[in-house]
Amino acid sequence: MTPNKKTRRQILQGLAAGTSALALGGCNILDDLTNEEHWLRNFMERANDLTYGSQRLLLSRTALAKEFPSEAIMQPQRANGVINPPEENYRTLADGGFANYRLQVGGLVENPVEYDLERVRRLPSRTQITRHDCVEGWSSIAQWTGARFSEIVKEVRPTEKAKYVLFTCFDERGRGARNAYYETIDLVDAIHEQTILAYDMNGRDLPIANGAPLRLRVERQLGYKMAKYIRSITFVDSFADVGLGHGGYWEDRGYEWYAGI
Amino acid sequence: MTLRESTRSAPTIEARPASKGQLVYRQSVWTRVTHWLWAISLFFLMTTGLQIFNAHPTLYVGSQSGFGFDNTVLEIGEVRQDGKVSGYTEIFGNRFDTTGVLGVSGTETRPVLKAFPEWATIPSSRDLGTGRVIHLFFAWIFFFTLVTWLAASLVNGHLRDLIPSIRDLRHLPRDLLNHLRFRIHHTAGYNVLQKLTYAIVLFVLFPLMIATGLTMSPAANAIFPFLTEIFGGRQTARSLHFLFMVLLMGFFIVHIIMIFAAGPINELRSIITGWYKTSPGEGE
């Protein structure tokens, strides 16, 4: 027995209802509700505070991101975003092999220090083979060697007021200092075992495409937190007065500050 | 009266002609509220999920994405030839032309180069940041709703309504035939195909969506290192997350068709108010 006419019409109505429900996604009304100034979007962003809180609660301070054997390195590390900063000050340093590169670490610290690359390389280091997860969705495994950031923290001695570490970068996206890439992390991540200022990648000097001379690794968060082309490091009590106040270049453009998920 | 009995009350006997069935109280408020929370959540999870996928519309297997080698299982993109651009979808190396919907949409003069078209994503334009904010907001709603429903259904006995018995399963061939022939019987309880489908969706697909989602979280990987082991790597988890989405989409389409085939007014009444008119002789 075939479905009678009434049932067949009902099925077609059902199909139409189902597919048009999906097309509601294209409704411009919903677009307006989700633009960055809207209170509804700001409300939904609070969900990430819940993620930050619950992940920090469940995550022991020492729990490590997965590390891989060397066989897991199957390709050159993908270079993403800016891969060759055109800014004159960066180009000059790069042409000189970064011999004149100086890294100021200061702000809310008892002992501000200026490092050159030799001094950074002499700090206790860590080598780790980890998986870089980009917010876009892809992953790539590489070996990173760098100075343990916890050692830098020990050396500069942040004051009680310090809550975040601010990394400012040479990469200005070709549009001036106000558009410079920057990132911030909290002190839990700053002293984490796997947080390093990387200067070697896959056994060789960190290439320009991947952030030479120094890039940050924060292995329990997504890739955009791991700033490349580090220019200076400052311990701060708030990032409200930096950039557009959301704690990072991409955060100022709508991404979450806590990128554990 | 036990909690179970009070939430699944005895059917009300109404003075109706014998040819019309009885109105029974079929679903508790816990089932109904969570159902609509899921419907809303899944709508936003799906549309923002496609937005997120569009940021890198290629799926892989294993721990990482092959740029220097090939471990791709699905790719949606565009290709230019003779001044024209066309959209393709490649599954396990088999390429299909999907111009107009996937890879390339819009018009010939103003093509839109996206994996999933603008009418399917929220926001409709390219905005990964906003897509993620909304996706992760509704992920929490979805999670809390599932936990609430599991707890409530454990207490009020609804879980038992969904697990098919051996006797139920013997009716499966006949029930399958009834569904394919759209021979609908309005019963107080769920038929065996319904039980199997809902059980798979609620006990398997929903938890797997959450688990594969968490497997993509770098911090969750550090909390639960076994997640990437279970799912064969972060990129396999991402591909499975997408596959389960396709399965849920399939469920949704069949769900809507069956609702219309069974009589949408009665079905909607039962999932909004709880009251359901059974077929004559089936209201027990």
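Here's the yes/no breakdown for (1) of a type in the set (Phe, Trp, Tyr); (2) over 17 Å from the mean Cα position of the chain (by Cα); (3) buried (at least 21 other Cβ atoms within 10 Å of the Cβ):
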{"residue": "A:Ala198", "(1), (2), (3)": "no, no, yes"}
{"residue": "A:Ala212", "(1), (2), (3)": "no, no, yes"}
{"residue": "A:Arg220", "(1), (2), (3)": "no, no, yes"}
{"residue": "A:Tyr229", "(1), (2), (3)": "yes, no, yes"}
{"residue": "A:Ser238", "(1), (2), (3)": "no, yes, no"}
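For every residue, the table says whether it meets (1) under 18 Å from the mean Cα position of the chain (by Cα); (2) of a type in the set (A, V, I, L, M, F, W, C).
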position	(1), (2)
B:Arg238	yes, no
B:Phe242	yes, yes
B:Ala262	no, yes
B:Gly274	no, no
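Criterion first (within 13 Å of chain B (Cβ to nearest Cβ), touching a residue at least 24 places away in the same chain (Cβ under 8 Å) and out of contact with any Cys (no Cβ under 7 Å at 6 or more places or on another chain)) does A:Glu67 satisfy it?
yes
For the range A:100-118, does any single residue satisfy the condition of being outside any loop (DSSP other than H, G, I, E, B), at pLDDT 95 or above and on the phi > 0 side of the Ramachandran plot? Spell out how you get there, then give the answer.
Of all residues in the range A:100-118, those outside any loop (DSSP other than H, G, I, E, B) come to A:102-107, A:109, A:113-118.
Of the ones still in play, those that are also at pLDDT 95 or above are A:102-107, A:109, A:113-118.
So of that shortlist, the ones also on the phi > 0 side of the Ramachandran plot come out as A:107.
The answer is yes, given that some residue of the range A:100-118 is outside any loop (DSSP other than H, G, I, E, B), at pLDDT 95 or above and on the phi > 0 side of the Ramachandran plot.
Would you point out which residue out of A:Ala259, A:Ala227, A:Ala212 is assigned to a loop (DSSP other than H, G, I, E, B) and in contact with a Lys or Arg (Cβ under 6 Å, 6 or more places away or on another chain)?
Working: A:Ala227 fails: in contact with a Lys or Arg (Cβ under 6 Å, 6 or more places away or on another chain); A:Ala212 fails: in contact with a Lys or Arg (Cβ under 6 Å, 6 or more places away or on another chain).
Only one candidate passes the filter, namely A:Ala259.
Name the single residue that is farthest from the chain's Cα centre (by Cα) among those in the range B:142-161 being of a type in the set (Val, Ile, Thr) and surrounded by fewer than 17 Cβ atoms within 10 Å (Cβ to Cβ). Working first, answer last.
To start, the set of residues in the range B:142-161 that are of a type in the set (Val, Ile, Thr) comprises B:145, B:147-148, B:155.
If we keep only those that are surrounded by fewer than 17 Cβ atoms within 10 Å (Cβ to Cβ) as well, we get B:147-148, B:155.
Numbers: B:Val147: 17, B:Thr148: 18, B:Val155: 25 Å.
Within the range B:142-161, the match that is farthest from the chain's Cα centre (by Cα) is B:Val155.
Residues of the range B:240-274 being of a type in the set (S, T, N, Q) and out of contact with any Lys or Arg (no Cβ under 6 Å at 6 or more places or on another chain), which ones? Give the derivation first.
Here is the first cut: in the range B:240-274, the residues of a type in the set (S, T, N, Q) are B:266, B:270, B:273.
Residue satisfying the conditions is B:Thr273 alone.
Being touching a residue at least 24 places away in the same chain (Cβ under 8 Å), at positive phi and not polar (S, T, N, Q) is the filter here, so list the residues in the range A:172-204 that pass it.
Within the range A:172-204, A:Arg173, A:Gly174, A:Gly203 qualify.
Tell me, please, whether a residue that is β-branched (Val, Ile, Thr), away from every other protein chain (no Cβ under 11 Å) and touching a strand residue (DSSP E or B) at 6+ places or on another chain (Cβ under 6 Å) can be found in the range B:142-150. Outline the logic, then answer.
Step one: list which residues in the range B:142-150 are β-branched (Val, Ile, Thr), which gives B:145, B:147-148.
Filter once more, so that each one left must be away from every other protein chain (no Cβ under 11 Å): B:145, B:147-148.
Now narrow it down to the ones that are touching a strand residue (DSSP E or B) at 6+ places or on another chain (Cβ under 6 Å): none.
No, the range B:142-150 has no match at all.
Yes/no matrix, rows are residues, columns are (1) among the small types (Gly, Ala, Ser); (2) within 30 Å of A:Leu57 (Cβ to Cβ):
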residue	(1), (2)
B:Leu202	no, yes
B:Thr212	no, yes
B:Thr215	no, yes
B:Gly233	yes, yes
B:Val254	no, no
B:Asn266	no, no
B:Arg269	no, no
B:Pro280	no, no
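Of A:Thr92, A:Thr7, A:Thr51, which residue is in a helix (DSSP H, G or I), facing another protein chain (nearest Cβ under 7 Å) and modelled with pLDDT of 95 or more?
On the way: A:Thr92 fails: facing another protein chain (nearest Cβ under 7 Å); A:Thr7 fails: modelled with pLDDT of 95 or more.
Matching residue, one of A:Thr92, A:Thr7, A:Thr51: A:Thr51.
Yes or no, residue by residue, for (1) within 12 Å of chain B (Cβ to nearest Cβ); (2) over 19 Å from A:Leu103 (Cα atoms); (3) at pLDDT 95 or above:
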residue	(1), (2), (3)
A:Cys169	no, no, yes
A:Glu193	yes, yes, yes
A:Gly248	yes, yes, yes
A:Arg253	yes, yes, no
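Which ones in the range B:103-127 are of a type outside the set (A, V, I, L, M), surrounded by fewer than 20 Cβ atoms within 10 Å (Cβ to Cβ) and in contact with a Ser or Thr (Cβ under 6 Å, 6 or more places away or on another chain)?
B:Glu118
Identify the single condition in (1) under 16 Å from the mean Cα position of the chain (by Cα); (2) more than 17 Å from B:His35 (Cα to Cα); (3) of a type in the set (Val, Ile, Thr); (4) more than 14 Å from chain A (Cβ to nearest Cβ) that B:Thr197 does not satisfy, given that it satisfies every other one.
Unmet condition: (2).
Filtering the range B:28-68 down to residues that are surrounded by 17 or more Cβ atoms within 10 Å (Cβ to Cβ) and among the small types (Gly, Ala, Ser), which residue is farthest from the other protein chains (Cβ to nearest Cβ)?
B:Ser28
Within the range A:240-256, work out how many residues are surrounded by 21 or more Cβ atoms within 10 Å (Cβ to Cβ) and outside any loop (DSSP other than H, G, I, E, B).
Qualifying residue count for the region: 2.
The values are calculated or read from the model by the stated rules, or taken from the named source; none is laboratory data. Remember, it's a predicted structure, so these values are computed and weren't measured experimentally. Cβ coordinates were reconstructed from backbone atoms using ideal geometry, including for glycine residues, and neighbour counts include every protein chain displayed.
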